[in-house]
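The values are calculated or read from the model by the stated rules, or taken from the named source; none is laboratory data. Small disclaimer: the values here were computed from a predicted structure and weren't measured. Cβ sites come from the backbone with ideal geometry, for glycine too, and all protein chains shown count toward neighbours. Only protein heavy atoms, including side chains, enter the accessible area calculation; ligands, DNA and RNA are left aside. Shrake-Rupley method; radii C 1.70, N 1.55, O 1.52, S 1.80 Å.
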Amino acid sequence: MKIAMIGTGYVGLVTGTCFAEFGHHVTCVDKLEEKIQTLKAGDIPIYEPGLDTMVTKNAREGRLRFTTDLADAVPDAEAIFIAVGTPTSRRGDGYADLTYIYAAAKEIAEHLEGYTVIVDKSTVPVGTARQVARIIKETNPEADFDVASNPEFLREGAAIADFMHPDRVVIGIESERSEQVLREIYQPLYLRDTPIVSTTIETAELTKYAANAFLAVKISFINEIASVCEAVDANVIDLAKGIGMDGRIGSKFLHPGPGYGGSCFPKDTLALMRLVQEYGESLRIVEAAVEVNAAQKARMVKKIRDALGGSEAGKTLAVLGLTFKPETDDMRDAPVLSILPALLEKGAKIKAHDPKGVEEAKKYLPEGIDYMDDTYETCAGADAVILMTEWNQYRALDLEKLKVKMKTPIFIDLRNVYDPTSLKNSGFSYVGVGRK
């Protein structure tokens, strides 16, 4: 099947490449000439394990190509996926900015030929597909098309595995014709017994927001419980096991830390809250989760300060990990963006290391941070090391080597990667989250 993917950001590039891996012929379109030329040269503008190999393979075999010209991709396409950005509105009110979605719809309409299914792949508020249909119809009254919703559920760092072996595929449709097209596209997954949930467009649009909101609530819940554990001298790791083994709760996303971040949870929880307010409803649980997440980052600043004896002024801090999670270079709403500036303002000196996120971090963080190439050199002369992101290469550090490098053996583990007893036996003062 011939597919056009509008947008070569994280979702568009991963989805388009995986469709090509299925055997479809995919043309990825982006307005940025530089990005298209980069992709044509075989370079990937984002870090996602295994994506570079898959792009190269499918481009070489003729199933995946890149262009800036919609007229080159749209007319022959049987399905067109809109996967452009939906950032938080620049007004700062939490609403999703749909400017790029609507602009893409208008441009697509001008080049439509024959029956085509227009699919919203971007995360969008309820009602967006209706507006896309209206724009296309107004722009091209003769167009023969349907609009559908097909939200993505990809985890950064594991996106290819998530796409190839998903828990489910959700499609919001209004006609048998559009459902048939989407089922044909996802046929390889159907053969693997992947459930395809077919529902109304509005339900599909809301499903993505509801899923992200629920996971954000779960993270905020365990972070609050972690604070209670510290107060009563309980262990949140054992507690999480105790409740996570309950099939009604599940163990995933019960890992305390410095708060959630990334491109989805912060943006989507706010957008969902604004959406329901428009309908005169409220989501008090989600509102609380957002507040708890902001407070958690502030708690981490205090935790670091207390570990240093009450003041970070003049202290050298070695920060391991900058991205919001491992296996990505994404810095959007990463906890360090709140935590490190607060420490810098109070006189801390910061040296930082991240396997993939340094260049992105430089775009978001203030000046004054020394970015290092080696993990142990980052810790040289440090008054404390702060494990901020649980990259695999930080999980088995040579503790003796680390202690020799450091000025003071204080280990602040904001991801609870290490066993406190092992660190204590190695001569470190250990600080975790939700355990003493």
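One line per residue, one yes/no per condition, for (1) assigned to a loop (DSSP other than H, G, I, E, B); (2) under 17 Å from the mean Cα position of the chain (by Cα):
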site	(1), (2)
Pro256	yes, no
Tyr260	yes, yes
Lys267	no, yes
Leu272	no, yes
Gly310	yes, no
Thr323	yes, yes
- Item | Only one of Glu179, Glu205, Glu230, Glu224 that is under 30 Å from Ile386 (Cβ atoms), charged (D, E, K, R) and open to solvent by less than 60 Å² (accessible area, probe 1.4 Å) | Glu230
- Task: Could you check Leu239 against (1) part of a helix (DSSP H, G or I); (2) in contact with a Cys (Cβ under 9 Å, 6 or more places away or on another chain); (3) open to solvent by less than 30 Å² (accessible area, probe 1.4 Å) and say which number it fails?
- Result: (3)
- With respect to Ala20, determine if the residue is within 26 Å of Lys137 (Cβ to Cβ), among the small types (Gly, Ala, Ser) and either in contact with a Ser or Thr (Cβ under 9 Å, 6 or more places away or on another chain) or at pLDDT 95 or above (or both). no
- Item | Residue selected from the range 122-138 under the condition in a loop (DSSP other than H, G, I, E, B) and open to solvent by 10 Å² or more (accessible area, probe 1.4 Å), by the criterion nearest to Leu51 (Cα to Cα) | Ser122
- Considering residues of the range 98-113 that are open to solvent by less than 50 Å² (accessible area, probe 1.4 Å) and part of a loop (DSSP other than H, G, I, E, B) only, the residue modelled with the highest pLDDT: Leu112
- Message: Take the residues in the range 76-97 that are of a type in the set (Gly, Ala, Ser) and open to solvent by 30 Å² or more (accessible area, probe 1.4 Å); name whichever of them is farthest from Ile185 (Cα to Cα).
- Response: Gly92
- Would you check which residues across the range 161-176 are crowded, with 16+ Cβ neighbours inside 10 Å and in contact with a strand residue (DSSP E or B) (Cβ under 6 Å, 6 or more places away or on another chain) and list them? Val169, Val170, Ile171, Gly172, Ile173
- Query: Hey, which of the strands (runs of 3 or more DSSP E) in the range 327-436, taking only ones fully inside, have at least 2 residues that are within 24 Å of Asp306 (Cα to Cα) and either open to solvent by less than 10 Å² (accessible area, probe 1.4 Å) or in contact with a Ser or Thr (Cβ under 6 Å, 6 or more places away or on another chain) (or both)?
  - Reply: 349-353, 384-387, 410-413
- Go through (1) more than 19 Å from Tyr95 (Cβ to Cβ); (2) open to solvent by less than 50 Å² (accessible area, probe 1.4 Å); (3) without any contact (Cβ under 8 Å) to a residue 60 or more places away in the chain and name the single condition Ile219 misses. (3)
- Note on the structure: The condition from (1) over 13 Å from Ala79 (Cα atoms); (2) in a helix (DSSP H, G or I); (3) not small (Gly, Ala, Ser) that Pro141 misses is numbered (2)
- Message: Of everything in the range 189-210, what is touching an Asp or Glu at 6+ places or on another chain (Cβ under 9 Å), in a helix (DSSP H, G or I) and not charged (D, E, K, R)? Give them in sequence order.
- Response: Ile201, Ala204, Tyr209
- Task: Looking only at the range 263-271, decide whether some residue is more than 24 Å from Leu322 (Cβ to Cβ) and at pLDDT below 95.
- Result: yes
